[in-house]
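What follows draws every value from the coordinates through simple rules; no lab data is involved. Everything numeric in this text was worked out from a predicted model, so none of it was measured. Note that each Cβ is placed from the backbone with ideal geometry, even for glycine, and that neighbours are counted across all protein chains shown.
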Amino acid sequence: MGQLQGKVAIVTGGAAGFGEAIVRHYVGEGARVLIADLQADRARQLAAELGGERAAAVDCDVADGASVAAAVRACVEGFGTPDIVVNNAGTTHANQPMLQVDEATFDRMFAVNVKSIYHMAQAVVPLMRQRRAGVILNVGSTAGIRPRPGLTWYNGSKGAVNLLSKSMAVELGPDGIRVNAICPVIGETALLEKFMGVPDTPDNRARFIATIPLGRLSKPSDVAAAAVFLASDAACFISGVELPVDGARTV
């Protein structure tokens, strides 16, 4: 029996990257998963691959409250009240001097990375409170723990995610709801070149890998494994942590 047998989960940004790996791991561990993503076609393809009884997809812009609420309703109607929500969807600006980031990019990034958590909380916390149980996982970043130049505004958005997770854990703990942040180091996803600010070449990767003691970038499977553990009953007394998945990068 899987670690998440019988659980219902929503994974935002679940069609690719870290999110796709989380979806695959969750289904493999026995959960039924709603994939909420702007890449609707890709999300539907993934759901079809995983099987209609185990996975479904919905077009969702996490920066829009009505869209998030509709996704949660789709989950309730299709699978039941979510036991687990993974706020994974995120975006960034290109690695560049802070004054070169335009306001529209800044606003969109904070809407996707931070305000999305507000929208999801509004939609799911009342449902979890009724059951006095639930798990919320927010995908933060090592950028919110040890920021570096070039990604200043992104760092700030992930710092907000990390701190929100702790505050939510304290406030929602009496309702039986656990909240944690997963904080990956730079990883092998579609956003890699933006994070690096240079082309994705072996030499450029090597510069970033040199700062990670375990000697490699993070992989989607690394993040997914952490997401499985934190959502499982094995982590039933773990709440309010920002868990670096970073090969000791933040030490």
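In a shell of Cβ-Cβ distance under 12 Å around Asn155, excluding Asn155 itself, what net charge do Lys and Arg (+1) and Asp and Glu (-1) give?
Computed value for this residue: +3.
So what is the relative contact order for the chain, in percent, with contacts set as C-alpha pairs under 8 Å and at least six apart?
20
Compactness ratio of region 132-184: Cα Rg over 2.2 N^0.38 Å, N = residue count?
1.24
Enter the angle in degrees (range 0 to 90, nearest 10) between the Cα long axis of helix 17-28 and the first principal axis of the Cα atoms of the chain, meaning the one along which they spread out most.
30
Using θ = phi - 60° and the Karplus relation 6.51 cos²θ - 1.76 cosθ + 1.60, list the HN-Hα couplings for region 214-220 in order, rounded to whole Hz, with x at every Gly or Pro.
Values per residue, Gly and Pro as x: 7, x, 7, 6, 6, 10, x Hz.
What does the net charge come to around Arg42 if you take all other residues with beta carbon closer than 14 Å to its beta carbon, with K and R at +1 and D and E at -1?
So the surrounding residues net to -3.
At 0.36 nm per residue, and after removing the present C-alpha to C-alpha distance, how many nm does the segment from Arg207 to Glu77 gain when stretched out fully?
In short, 42.0 nm is gained.
Which of the listed residues, Leu230, Ala9, Gly187, is farthest toward the dipole's positive end in the chain, when Lys, Arg count +1 and Asp, Glu count -1 at the beta-carbon?
It is Leu230.
Sequence neighbours fewer than 8 away in the same chain don't count; with that in mind, list the aspartates and glutamates whose C-alpha is under 13 Å from Lys166.
Glu242
On a 0 to 90 degree scale, rounded to 10, what angle separates helix 116-131 from the longest Cα axis of the chain?
30
Exposure proxy check: Thr189, Thr142 ranked by fewest other beta carbons within 10 Å?
With the sparsest Cβ surroundings first, the list reads Thr189, Thr142.
In what order do Met128, Met98 fall by count of nearby beta-carbon atoms within 10 Å, going from fewest to most?
Met98, Met128
Name the long-range amide H neighbours of Val86: under 5 Å, sequence gap of 5 or more, or other chain; modelled H, no Pro or chain starts.
Ile10, Val11, Thr12, Leu137
Which whole-number percent gives the relative contact order of region 46-173, counting Cα pairs below 8 Å spaced six or more residues apart?
The value is 27 percent.
Just want the answer: with Cβ charges of +1 for Lys and Arg and -1 for Asp and Glu, which residue in Thr152, Gly134, Thr91 is farthest toward the dipole's positive end in region 24-180?
Checked the options; the winner is Gly134.
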